[in-house]
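Just dropping this structure here.
The values are calculated or read from the model by the stated rules, or taken from the named source; none is laboratory data. Every value quoted in this text rests on a predicted model; they were computed, and no experiment measured them. No Cβ is skipped: glycine too gets one built from the backbone with ideal geometry, and neighbour counts run over all protein chains shown.
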Amino acid sequence: MEKIAVIGAGQMGNGIAQVAASAGYEVLMVDIKQEFVDRGMATIQKSLSKLVSKERMSQSDADNTLARISTTTDRSECADVDLVVEAVPEVLDLKTSIFSELDEICKPECILASNTSSISISTIANSTNRPDKVIGMHFMNPVPIMKLVEIINGDETSEATNFAVVAAAEKMGKTALSCNDSPGFVSNRILCPMLNEAILTLQEEVAEPAAIDGIMKLGMNHPIGPLALSDLIGLDTVLHIMNVLHEGLNDDKYAPAELLKSMVAEGKLGRKSGEGFYKY
């Protein structure tokens, strides 16, 4: 495996492009507008400069990493890549249309991976004629720092596909841990109900946000409290994943808190909107 395409130059996409290029892969970063790929490249340059200033990377390695990344707004340029990692918004129709298009564009042996945090890999795979070569490659945010890649096998993902993607993730300096396709996979099936429970604790006036977060940080050794983490992830994303769990597992224990729903409706999404459980 030598050449990787990343579809989407946003927060996750540019991070994936950076770690892939740092590992020595030729990377093609694709988005629908030139301004999006330009913004993605600017973020990568800033991230690499920070690593150089902290002496975690030499200037020549940073320059070589940048030189290995090319950009385009034309998905047909993915024709010769060995692996595609899709990192577009969590909208099923958008993902299936992209995978269907990539299936037509990419060479038959190319693996198609999704960075989805909650959408069924088997459903995405059904939009292609190569379901054995479709897999989940769920990087954690921020990608250059977080060590985990959650690898999700769809119903028809082959062992060879899993092996190749695990090897690619490890070459990027990540620990790759595999699971089978199920709503929320492992990470969000465990994490998001905990965040939702913290929101219910606030909704029911059991404690104030600082106390809830402080108890989990100091008592459970969590590096960040659940409400602050919800703000970091984005309350709209937490709500989306709770809905996926609630509908996919058909169990009311996953019903999203009313407070979560009302805050999202009011546009209080956390850090990205300037206000969530805390003001930023």
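Taking Asn115 and the conditions (1) in contact with a Phe, Trp or Tyr (Cβ under 6 Å, 6 or more places away or on another chain); (2) more than 30 Å from Leu191 (Cβ to Cβ); (3) of a type outside the set (D, E, K, R), which numbered condition does it fall short on, given that it satisfies the others?
Only one criterion in (1) in contact with a Phe, Trp or Tyr (Cβ under 6 Å, 6 or more places away or on another chain); (2) more than 30 Å from Leu191 (Cβ to Cβ); (3) of a type outside the set (D, E, K, R) is unmet by Asn115, namely (2).
A quick yes/no check of all residues on (1) at pLDDT 95 or above; (2) crowded, with 21+ Cβ neighbours inside 10 Å; (3) of a type in the set (A, V, I, L, M); (4) not assigned by TED's automatic domain parsing to the domain that holds Ala9:
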{"position": "Leu83", "(1), (2), (3), (4)": "yes, yes, yes, no"}
{"position": "Pro89", "(1), (2), (3), (4)": "no, no, no, no"}
{"position": "Cys106", "(1), (2), (3), (4)": "yes, yes, no, no"}
{"position": "Ser122", "(1), (2), (3), (4)": "yes, no, no, no"}
{"position": "Asn129", "(1), (2), (3), (4)": "yes, no, no, no"}
{"position": "Gly136", "(1), (2), (3), (4)": "yes, yes, no, no"}
{"position": "Val143", "(1), (2), (3), (4)": "yes, yes, yes, no"}
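Within the stretch 216-240, how many residues are part of a helix (DSSP H, G or I) and either more than 14 Å from Glu197 (Cα to Cα) or not assigned by TED's automatic domain parsing to the domain that holds Ala198 (or both)?
Result for the stretch 216-240: 10.
Ok, one more. When you scan the stretch 1-107 for helices (runs of 4 or more DSSP H) that lie fully inside it, which ones turn up with 3 or more residues that are charged (D, E, K, R), farther than 21 Å from Val165 by Cβ and out of contact with any strand residue (DSSP E or B) (no Cβ under 8 Å at 6 or more places or on another chain)?
34-53
Now a separate question. Looking only at the stretch 147-184, count every residue that is more than 25 Å from Val238 (Cβ to Cβ), β-branched (Val, Ile, Thr) and under 17 Å from the mean Cα position of the chain (by Cα) and tell me the total.
Counting residues in the stretch 147-184 that are more than 25 Å from Val238 (Cβ to Cβ), β-branched (Val, Ile, Thr) and under 17 Å from the mean Cα position of the chain (by Cα) gives 2.
Of the conditions (1) surrounded by fewer than 19 Cβ atoms within 10 Å (Cβ to Cβ); (2) at negative phi; (3) not hydroxyl-bearing (Ser, Thr, Tyr), Gly173 satisfies every one except a single condition; which number is it?
With respect to (1) surrounded by fewer than 19 Cβ atoms within 10 Å (Cβ to Cβ); (2) at negative phi; (3) not hydroxyl-bearing (Ser, Thr, Tyr), Gly173 is out only on (2).
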